[in-house]
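Encoded as C-alpha coordinates, the structure appears first; notes follow it.
The values are calculated or read from the model by the stated rules, or taken from the named source; none is laboratory data. Here the structure is a predicted model, which means the values were calculated and not measured. Glycine gets a Cβ as well: all are built from the backbone with ideal geometry, and neighbour counts include every protein chain shown. Surface areas here come from the heavy atoms of the whole protein model, side chains and all, with no ligands, DNA or RNA. Shrake-Rupley method; radii C 1.70, N 1.55, O 1.52, S 1.80 Å.
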Amino acid sequence: MEFEYKSIAQAGKEAYDYIKARKDGTIKSLKTGWDKLDSTLLDGIEWHNVVTVAGLSGSGKTLLLNQLETGLHDLNPKEDFVSLNFNLEMACRTLIIRKLASSRALTMKQLLSAETGFTMTDKDLSIIESELRNMAKYNVYYVDKPHTVAGLAYIVNQFWNKFKKPMVVSLDHSILVRRSSSDLNTTDMLYNLAESLNEMKKVYPVIFVIASQLNREIENVDRMKRPSALQFPTKTDIFGSDALYMMSDTLIVNHRPSQLNITHYGPERWEVAENDIFWHVLKNRNGSTPILKMLADFKHMRIIEDEYFETKLTG
(Lines give C-alpha, C1' and ligand atoms only; values in the text may rest on other atoms or scores of the structure.)
Protein backbone atom coordinates (compact mmCIF):
# COMPACT_ATOMS: atom_id res chain seq x y z
CA MET A 1 0.00 0.00 0.00
CA GLU A 2 1.37 3.41 -0.97
CA PHE A 3 1.46 6.23 1.54
CA GLU A 4 2.59 9.85 1.60
CA TYR A 5 5.61 10.98 3.56
CA LYS A 6 7.97 13.96 3.80
CA SER A 7 11.62 14.16 4.68
CA ILE A 8 12.80 16.50 7.41
CA ALA A 9 14.36 18.62 4.68
CA GLN A 10 10.97 19.04 2.99
CA ALA A 11 9.29 19.88 6.29
CA GLY A 12 12.09 22.33 7.03
CA LYS A 13 11.56 24.06 3.68
CA GLU A 14 7.86 24.41 4.44
CA ALA A 15 8.70 25.86 7.88
CA TYR A 16 11.13 28.38 6.35
CA ASP A 17 8.64 29.44 3.67
CA TYR A 18 5.98 29.97 6.34
CA ILE A 19 8.31 31.97 8.60
CA LYS A 20 9.34 34.15 5.65
CA ALA A 21 5.73 34.67 4.53
CA ARG A 22 4.83 35.80 8.04
CA LYS A 23 7.82 38.15 8.05
CA ASP A 24 6.90 39.59 4.65
CA GLY A 25 3.24 39.93 5.67
CA THR A 26 1.92 37.77 2.85
CA ILE A 27 0.44 35.50 5.53
CA LYS A 28 -1.19 37.14 8.55
CA SER A 29 -3.36 36.04 11.42
CA LEU A 30 -6.86 37.49 11.54
CA LYS A 31 -7.23 40.14 14.25
CA THR A 32 -10.30 39.70 16.45
CA GLY A 33 -10.46 43.23 17.83
CA TRP A 34 -9.95 41.99 21.38
CA ASP A 35 -6.37 43.14 21.89
CA LYS A 36 -5.54 40.91 24.85
CA LEU A 37 -6.82 37.83 23.03
CA ASP A 38 -4.88 38.74 19.87
CA SER A 39 -1.75 39.18 22.00
CA THR A 40 -2.32 35.79 23.66
CA LEU A 41 -2.59 34.16 20.24
CA LEU A 42 -0.28 34.81 17.26
CA ASP A 43 -1.38 38.44 16.86
CA GLY A 44 -4.83 37.08 16.08
CA ILE A 45 -6.25 33.74 14.95
CA GLU A 46 -3.89 31.77 12.74
CA TRP A 47 -5.02 29.96 9.60
CA HIS A 48 -5.24 26.14 9.63
CA ASN A 49 -6.51 26.29 13.22
CA VAL A 50 -9.49 25.07 15.23
CA VAL A 51 -10.77 27.42 17.94
CA THR A 52 -13.32 26.01 20.38
CA VAL A 53 -15.42 28.27 22.60
CA ALA A 54 -17.24 26.46 25.40
CA GLY A 55 -19.71 27.84 27.90
CA LEU A 56 -23.05 27.51 29.63
CA SER A 57 -26.23 28.33 27.73
CA GLY A 58 -26.78 32.09 27.88
CA SER A 59 -23.15 32.90 28.63
CA GLY A 60 -22.56 34.67 25.30
CA LYS A 61 -21.03 31.99 23.03
CA THR A 62 -23.30 32.74 20.07
CA LEU A 63 -22.79 36.46 20.66
CA LEU A 64 -19.02 35.90 20.44
CA LEU A 65 -19.31 33.93 17.20
CA ASN A 66 -21.71 36.46 15.70
CA GLN A 67 -19.38 39.34 16.56
CA LEU A 68 -16.44 37.56 14.96
CA GLU A 69 -18.41 36.71 11.82
CA THR A 70 -18.44 40.22 10.32
CA GLY A 71 -15.88 41.71 12.71
CA LEU A 72 -13.08 39.63 11.18
CA HIS A 73 -13.90 41.15 7.78
CA ASP A 74 -14.01 44.70 9.16
CA LEU A 75 -10.76 44.36 11.10
CA ASN A 76 -8.85 42.61 8.31
CA PRO A 77 -9.94 44.49 5.17
CA LYS A 78 -6.92 43.42 3.10
CA GLU A 79 -7.60 39.73 3.68
CA ASP A 80 -9.86 38.13 1.06
CA PHE A 81 -11.78 35.26 2.65
CA VAL A 82 -15.24 33.71 2.92
CA SER A 83 -17.22 33.11 6.12
CA LEU A 84 -19.45 30.04 6.34
CA ASN A 85 -21.72 29.80 9.36
CA PHE A 86 -23.40 26.57 10.43
CA ASN A 87 -25.92 28.26 12.73
CA LEU A 88 -27.71 25.21 14.06
CA GLU A 89 -29.15 26.91 17.14
CA MET A 90 -30.62 30.22 15.93
CA ALA A 91 -32.34 31.35 12.74
CA CYS A 92 -30.02 33.46 10.57
CA ARG A 93 -32.47 36.37 10.71
CA THR A 94 -31.94 36.49 14.48
CA LEU A 95 -28.19 36.75 13.94
CA ILE A 96 -28.74 39.67 11.57
CA ILE A 97 -31.03 41.44 14.05
CA ARG A 98 -28.33 40.99 16.68
CA LYS A 99 -25.81 42.62 14.35
CA LEU A 100 -28.17 45.55 13.86
CA ALA A 101 -28.48 45.93 17.64
CA SER A 102 -24.70 45.92 17.92
CA SER A 103 -24.15 48.49 15.17
CA ARG A 104 -27.00 50.84 16.11
CA ALA A 105 -28.11 52.67 19.23
CA LEU A 106 -31.33 50.62 19.23
CA THR A 107 -31.70 47.50 21.38
CA MET A 108 -33.14 44.13 20.33
CA LYS A 109 -36.44 44.98 22.04
CA GLN A 110 -36.64 48.31 20.23
CA LEU A 111 -35.77 46.77 16.87
CA LEU A 112 -38.57 44.25 17.33
CA SER A 113 -41.07 46.85 18.62
CA ALA A 114 -41.31 45.10 21.99
CA GLU A 115 -40.33 47.97 24.29
CA THR A 116 -43.14 49.85 26.00
CA GLY A 117 -43.23 53.51 25.01
CA PHE A 118 -40.95 53.09 22.00
CA THR A 119 -42.17 53.32 18.41
CA MET A 120 -40.08 52.44 15.39
CA THR A 121 -40.13 55.33 12.90
CA ASP A 122 -39.93 55.32 9.11
CA LYS A 123 -36.53 56.97 9.50
CA ASP A 124 -35.39 54.06 11.68
CA LEU A 125 -36.52 51.58 9.03
CA SER A 126 -34.74 53.54 6.31
CA ILE A 127 -31.50 53.45 8.31
CA ILE A 128 -31.91 49.71 8.90
CA GLU A 129 -32.40 49.11 5.16
CA SER A 130 -29.21 51.08 4.48
CA GLU A 131 -27.27 49.02 7.03
CA LEU A 132 -28.58 45.79 5.55
CA ARG A 133 -27.37 46.90 2.11
CA ASN A 134 -23.96 47.53 3.65
CA MET A 135 -24.00 44.07 5.26
CA ALA A 136 -24.59 42.51 1.85
CA LYS A 137 -21.00 43.34 0.93
CA TYR A 138 -19.70 40.67 3.31
CA ASN A 139 -18.77 37.24 1.95
CA VAL A 140 -20.84 35.58 4.69
CA TYR A 141 -23.07 32.55 4.10
CA TYR A 142 -25.37 30.54 6.37
CA VAL A 143 -26.33 26.90 6.63
CA ASP A 144 -29.37 26.48 8.90
CA LYS A 145 -30.11 22.80 8.35
CA PRO A 146 -28.28 20.29 10.60
CA HIS A 147 -25.97 17.87 8.82
CA THR A 148 -23.89 14.87 9.76
CA VAL A 149 -20.12 15.17 10.07
CA ALA A 150 -19.78 13.84 6.52
CA GLY A 151 -22.37 16.35 5.28
CA LEU A 152 -20.58 19.21 6.99
CA ALA A 153 -17.27 18.18 5.41
CA TYR A 154 -18.97 17.93 2.00
CA ILE A 155 -20.32 21.50 2.29
CA VAL A 156 -16.91 22.88 3.30
CA ASN A 157 -15.38 21.12 0.29
CA GLN A 158 -18.07 22.57 -2.00
CA PHE A 159 -17.44 26.08 -0.71
CA TRP A 160 -13.73 25.69 -1.35
CA ASN A 161 -14.42 24.50 -4.90
CA LYS A 162 -16.82 27.40 -5.48
CA PHE A 163 -14.75 30.30 -4.07
CA LYS A 164 -11.15 29.03 -3.92
CA LYS A 165 -10.57 31.43 -1.04
CA PRO A 166 -9.54 30.99 2.61
CA MET A 167 -12.54 30.24 4.81
CA VAL A 168 -13.63 31.00 8.35
CA VAL A 169 -16.11 28.27 9.27
CA SER A 170 -18.26 28.70 12.39
CA LEU A 171 -20.31 25.94 13.99
CA ASP A 172 -22.94 26.86 16.59
CA HIS A 173 -22.84 24.41 18.16
CA SER A 174 -21.09 21.05 18.19
CA ILE A 175 -23.70 18.84 19.85
CA LEU A 176 -26.30 19.89 17.25
CA VAL A 177 -24.39 18.18 14.43
CA ARG A 178 -26.64 15.35 13.32
CA ARG A 179 -25.61 11.84 14.29
CA SER A 180 -25.08 9.39 11.45
CA SER A 181 -26.03 5.71 11.52
CA SER A 182 -22.42 4.88 12.44
CA ASP A 183 -22.39 7.18 15.49
CA LEU A 184 -23.33 5.18 18.57
CA ASN A 185 -23.96 8.33 20.65
CA THR A 186 -23.19 12.07 20.77
CA THR A 187 -19.70 11.48 22.15
CA ASP A 188 -18.96 9.18 19.24
CA MET A 189 -20.15 11.89 16.85
CA LEU A 190 -17.88 14.47 18.55
CA TYR A 191 -14.84 12.23 18.06
CA ASN A 192 -15.72 11.89 14.37
CA LEU A 193 -16.21 15.65 14.16
CA ALA A 194 -12.83 16.24 15.78
CA GLU A 195 -11.13 13.89 13.32
CA SER A 196 -12.86 15.53 10.34
CA LEU A 197 -11.96 19.09 11.42
CA ASN A 198 -8.36 18.05 11.99
CA GLU A 199 -8.16 16.58 8.49
CA MET A 200 -9.78 19.60 6.82
CA LYS A 201 -7.60 22.19 8.57
CA LYS A 202 -4.56 20.50 7.01
CA VAL A 203 -6.09 20.47 3.52
CA TYR A 204 -7.73 23.91 3.30
CA PRO A 205 -6.69 27.43 4.34
CA VAL A 206 -9.38 27.48 7.00
CA ILE A 207 -10.13 28.62 10.54
CA PHE A 208 -12.82 26.66 12.38
CA VAL A 209 -14.60 28.40 15.27
CA ILE A 210 -16.68 25.88 17.21
CA ALA A 211 -19.16 26.60 20.01
CA SER A 212 -19.61 23.89 22.60
CA GLN A 213 -21.44 23.30 25.84
CA LEU A 214 -20.26 22.85 29.43
CA ASN A 215 -21.59 19.89 31.37
CA ARG A 216 -23.34 20.05 34.74
CA GLU A 217 -20.15 19.45 36.72
CA ILE A 218 -19.43 23.20 36.61
CA GLU A 219 -22.57 23.68 38.73
CA ASN A 220 -21.36 21.39 41.53
CA VAL A 221 -22.35 23.05 44.82
CA ASP A 222 -19.11 22.06 46.57
CA ARG A 223 -17.12 23.96 43.95
CA MET A 224 -19.24 27.07 44.37
CA LYS A 225 -19.20 27.32 48.18
CA ARG A 226 -16.44 29.87 48.48
CA PRO A 227 -14.19 31.87 46.15
CA SER A 228 -11.33 29.60 45.05
CA ALA A 229 -9.74 28.11 41.96
CA LEU A 230 -12.36 25.34 42.19
CA GLN A 231 -14.78 27.82 40.62
CA PHE A 232 -12.65 28.00 37.49
CA PRO A 233 -13.72 25.77 34.58
CA THR A 234 -11.42 22.93 33.62
CA LYS A 235 -11.05 20.59 30.68
CA THR A 236 -13.41 18.02 32.25
CA ASP A 237 -16.22 20.59 32.45
CA ILE A 238 -16.49 20.61 28.64
CA PHE A 239 -19.08 18.29 27.15
CA GLY A 240 -17.19 15.67 25.13
CA SER A 241 -13.99 17.12 26.55
CA ASP A 242 -11.54 14.51 25.29
CA ALA A 243 -12.60 14.87 21.66
CA LEU A 244 -12.90 18.66 21.61
CA TYR A 245 -9.79 19.32 23.66
CA MET A 246 -7.69 17.01 21.49
CA MET A 247 -8.65 18.62 18.17
CA SER A 248 -8.55 22.26 19.27
CA ASP A 249 -5.54 24.49 18.70
CA THR A 250 -7.12 27.05 21.00
CA LEU A 251 -9.81 26.30 23.55
CA ILE A 252 -11.53 29.10 25.48
CA VAL A 253 -14.19 28.72 28.14
CA ASN A 254 -16.51 31.72 27.98
CA HIS A 255 -17.61 31.74 31.63
CA ARG A 256 -20.21 34.04 33.18
CA PRO A 257 -20.02 33.42 36.95
CA SER A 258 -23.22 35.35 37.73
CA GLN A 259 -25.16 32.51 36.05
CA LEU A 260 -24.12 30.38 39.04
CA ASN A 261 -24.96 33.14 41.55
CA ILE A 262 -21.27 33.80 42.18
CA THR A 263 -20.55 37.30 43.48
CA HIS A 264 -16.81 36.85 44.18
CA TYR A 265 -14.77 34.73 41.83
CA GLY A 266 -11.56 32.73 42.22
CA PRO A 267 -8.85 32.79 44.90
CA GLU A 268 -8.33 36.53 44.38
CA ARG A 269 -12.05 37.12 45.10
CA TRP A 270 -12.73 39.22 42.01
CA GLU A 271 -16.01 41.05 42.45
CA VAL A 272 -18.45 39.88 39.79
CA ALA A 273 -21.25 41.86 38.15
CA GLU A 274 -24.10 40.33 36.16
CA ASN A 275 -22.51 40.76 32.73
CA ASP A 276 -18.88 40.06 33.62
CA ILE A 277 -17.40 37.31 31.45
CA PHE A 278 -14.10 35.55 32.05
CA TRP A 279 -12.34 33.91 29.13
CA HIS A 280 -10.34 30.99 30.47
CA VAL A 281 -7.84 30.01 27.77
CA LEU A 282 -7.42 26.34 28.64
CA LYS A 283 -5.39 25.43 25.58
CA ASN A 284 -3.16 27.50 23.32
CA ARG A 285 -0.69 25.68 21.11
CA ASN A 286 1.23 28.89 20.45
CA GLY A 287 1.45 30.62 23.79
CA SER A 288 0.22 31.18 27.32
CA THR A 289 -3.12 30.20 28.88
CA PRO A 290 -4.35 33.31 30.69
CA ILE A 291 -7.69 34.41 32.09
CA LEU A 292 -9.07 37.47 30.26
CA LYS A 293 -12.00 39.51 31.48
CA MET A 294 -14.70 40.72 29.10
CA LEU A 295 -17.93 42.66 29.50
CA ALA A 296 -21.10 41.43 27.80
CA ASP A 297 -23.28 44.24 26.52
CA PHE A 298 -26.33 42.06 25.88
CA LYS A 299 -28.48 45.15 25.35
CA HIS A 300 -26.55 45.98 22.18
CA MET A 301 -25.35 42.45 21.43
CA ARG A 302 -21.58 42.81 21.74
CA ILE A 303 -18.67 41.74 23.92
CA ILE A 304 -16.06 44.32 24.86
CA GLU A 305 -12.71 43.98 26.58
CA ASP A 306 -12.34 45.03 30.22
CA GLU A 307 -9.25 47.20 29.76
CA TYR A 308 -8.82 47.67 33.51
CA PHE A 309 -8.54 43.99 34.34
CA GLU A 310 -4.99 42.74 34.70
CA THR A 311 -4.58 39.53 32.74
CA LYS A 312 -4.22 36.55 35.07
CA LEU A 313 -1.73 33.95 33.88
CA THR A 314 -2.46 30.35 34.81
CA GLY A 315 -0.38 27.21 34.99
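For I175, are the conditions met, namely being among the hydrophobic types (A, V, I, L, M, F, W, C), open to solvent by 40 Å² or more (accessible area, probe 1.4 Å), part of a helix (DSSP H, G or I) and touching a Lys or Arg at 6+ places or on another chain (Cβ under 8 Å)?
Values: among the hydrophobic types (A, V, I, L, M, F, W, C): yes; open to solvent by 40 Å² or more (accessible area, probe 1.4 Å): yes; part of a helix (DSSP H, G or I): yes; touching a Lys or Arg at 6+ places or on another chain (Cβ under 8 Å): no.
For I175, the condition - among the hydrophobic types (A, V, I, L, M, F, W, C), open to solvent by 40 Å² or more (accessible area, probe 1.4 Å), part of a helix (DSSP H, G or I) and touching a Lys or Arg at 6+ places or on another chain (Cβ under 8 Å) - is not met.
Quick one: would you say L75 is touching a strand residue (DSSP E or B) at 6+ places or on another chain (Cβ under 9 Å) and more than 14 Å from V168 (Cβ to Cβ)? If you could, list the steps in order and put the result at the bottom.
Working: touching a strand residue (DSSP E or B) at 6+ places or on another chain (Cβ under 9 Å): yes; more than 14 Å from V168 (Cβ to Cβ): no.
Judged against the criteria, L75 is not a match.
Does T62 count as outside any helix (DSSP H, G or I), among the β-branched types (V, I, T) and either modelled with pLDDT of 90 or more or open to solvent by 10 Å² or more (accessible area, probe 1.4 Å) (or both)? Talk me through it step by step, then tell me what you get.
Working: outside any helix (DSSP H, G or I): no; among the β-branched types (V, I, T): yes; either modelled with pLDDT of 90 or more or open to solvent by 10 Å² or more (accessible area, probe 1.4 Å) (or both): yes.
Against the criterion (outside any helix (DSSP H, G or I), among the β-branched types (V, I, T) and either modelled with pLDDT of 90 or more or open to solvent by 10 Å² or more (accessible area, probe 1.4 Å) (or both)), T62 does not qualify.
Just to be sure I understand, how many residues within the range 124-144 are within 25 Å of the chain's Cα centre (by Cα) and without any contact (Cβ under 8 Å) to a residue 12 or more places away in the chain?
Of the residues in the range 124-144, 3 are within 25 Å of the chain's Cα centre (by Cα) and without any contact (Cβ under 8 Å) to a residue 12 or more places away in the chain.
I need every pair where a residue in the range 168-193 that is of a type in the set (F, W, Y) has its Cβ under 9 Å from the Cβ of a residue that is surrounded by fewer than 17 Cβ atoms within 10 Å (Cβ to Cβ), sequence separation at least 6 or different chains.
Y191/D242; Y191/M246
Please find, among F278, F239, the residue that is modelled with pLDDT of 95 or more and either closer than 22 Å to K201 by Cβ or crowded, with 16+ Cβ neighbours inside 10 Å (or both).
It is F278.
Restrict the check to the range 18-31 and report whether at least one residue is crowded, with 20+ Cβ neighbours inside 10 Å and either of a type in the set (A, V, I, L, M) or without any contact (Cβ under 8 Å) to a residue 60 or more places away in the chain (or both).
yes
Could you tell me whether the range 87-105 includes any residue that is closer than 30 Å to I27 by Cβ, assigned to a helix (DSSP H, G or I), open to solvent by less than 30 Å² (accessible area, probe 1.4 Å) and without any contact (Cβ under 8 Å) to a residue 60 or more places away in the chain?
Within the range 87-105, one or more residues are closer than 30 Å to I27 by Cβ, assigned to a helix (DSSP H, G or I), open to solvent by less than 30 Å² (accessible area, probe 1.4 Å) and without any contact (Cβ under 8 Å) to a residue 60 or more places away in the chain.
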